[in-house]
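Heads up, the thing below is written out as structure tokens.
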Amino acid sequence: MKLRTEKAQYEIKLGQGDQAAKLFVSPLTSSEVNQIIQSHTKTSFYQGQKQEEINDLAIRLERFCRTVSGWEHITDAAGNPVECNETNKRRVADHNFEFVNQVFLLTDEINQDLESHHERLKKN
């Protein structure tokens, strides 16, 4: 049975027509997601009780930046192309909540499709 052992890049589109945004994404592995969560979780003890403070925004920003490796047809409010780099990925993620949600949903669908494909192969 063939299973994934390396990361792969996929293309997703958001929007319609010729100007639809095209993003190149690599779904994160479970260990990568865990590492991101751990790096943005602060653990403390108060009166013998363990408390964790999770920085959801930092997790979201880092997940987006590590998932998206490139894009086309992303422009600023004036219509100027926005280069895909770490700074701009953070700006896009910080100011476009629903856009980022759509990227995450489509990336999760890729993972689910791959898992379903492997399950079908396993049954045959």
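The table for this structure:
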item	result
Mean residue ellipticity (222 nm) of the chain, computed from DSSP H runs ≥ 4 via -39,500 (n - 2.57), nearest 500	-15500 deg cm²/dmol
Relative packing of 13-21, 61-69, which averages over residues the other C-beta atoms within 10 Å, highest first	61-69, 13-21
The range 1-56: GluC sites (Glu not before Pro) in DSSP loop, at most 13 other beta carbons within 10 Å	6
Only Lys, Arg (+1) and Asp, Glu (-1) charged, at Cβ; the range 10-118 dipole about Cα centre in debye	320 debye
Theoretical gain in end-to-end length, residue 106 to residue 29 [0.36 nm per residue, Cα-Cα removed]	26.2 nm
Top of 93, 58, 78 by mean-square fluctuation, Gaussian network on the chain, Cα under 10 Å	78
Local electrostatic count, residue 44, Cβ distance below 11 Å [Lys/Arg +1, Asp/Glu -1]	0
Qualifying aspartates and glutamates (Cα of each under 15 Å from Cα of residue 42; at least 8 residues distant if same chain)	52, 53, 56
Three-way shape label, the range 1-60, alpha-carbon gyration tensor, a/c 1.5	oblate
Overall Cα dimensions of the chain, principal axis frame, Å, largest first	59, 52, 21
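Taken together, the values in this text are just the output of simple stated rules run on the coordinates, not laboratory data. Note that the coordinates shown come from a computational prediction; the quantities given were computed from them, not determined experimentally. Every residue, glycine among them, receives a Cβ derived from its backbone with ideal geometry; neighbour counts consider all protein chains shown.
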